[in-house]
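Reading through the structure tokens given below for one structure.
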Amino acid sequence: MPPVAASLQEDNRMNDAALDMDVHGTHPAAFERALRSASLDLQQIIATVAGRHLDSGRRRYSSDARLPTWRTLQTIDVQVFENRGFRARHSETVRSTFVRFEDSRLSGMDLDEPVDWRRDDDDLPAVYLLVRALVQADTADAATQD
């Protein structure tokens, strides 16, 4: 599994209420499979959408490169979770387990400020976690190429 994918699976935060099996009446093993499938799908969609928004698709972050803003992350979050394919492939119950930007404390940030990748709050949005992993991987790649 690529390091970025492993990173999101390890760091993926979900809404605790969404995991209450009594509320949703879903068999735990089936729900776990559906959640794993949605997580992998979400990773691919985030990587694709983020590539369009970050540094014109060239996710290279040298020391003088412009870092993405909170508004960029919010835009990526909206586009990812409104993706028709993602919505069609995964039930609302499964989709609601992922923490969204608007549901986190990050939504109160100044949207035009650069993203602070050092956040380690509980319940970080899936978009924040994966885009952070992509930026860090690209930074490491750029450092080894220089």
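The values are calculated or read from the model by the stated rules, or taken from the named source; none is laboratory data. All values derive from a computational prediction rather than experimental measurement. Heads up, the Cβs are rebuilt from the backbone with ideal geometry, glycines too, and the neighbour counts pull from every protein chain shown.
Just name the residue that is modelled with the highest pLDDT out of those in the range 52-93 that are over 18 Å from the mean Cα position of the chain (by Cα) and of a type in the set (Lys, Arg). Here the residue is ARG66.
Any residue in the range 28-44 that is surrounded by 14 or more Cβ atoms within 10 Å (Cβ to Cβ) sitting within a Cβ distance under 6 Å of a residue that is part of a helix (DSSP H, G or I) and of a type in the set (Val, Ile, Thr)? List the pairs, counting only those 6 or more apart or interchain. As it stands, the answer is ALA34/VAL94; LEU35/VAL94; ALA38/VAL94, since those pairs meet every condition given. If you check ASP112, ASP120 for being at pLDDT 90 or above and either outside any helix (DSSP H, G or I) or in contact with a Gly (Cβ under 7 Å, 6 or more places away or on another chain) (or both), only one passes: ASP112. The one condition from (1) under 15 Å from the mean Cα position of the chain (by Cα); (2) at pLDDT below 90; (3) surrounded by fewer than 16 Cβ atoms within 10 Å (Cβ to Cβ) that GLN145 does not meet is (1). May I ask you to verify whether ARG132 is part of a helix (DSSP H, G or I), among the charged types (D, E, K, R), surrounded by 13 or more Cβ atoms within 10 Å (Cβ to Cβ) and without any contact (Cβ under 8 Å) to a residue 24 or more places away in the chain? Yes, satisfied.
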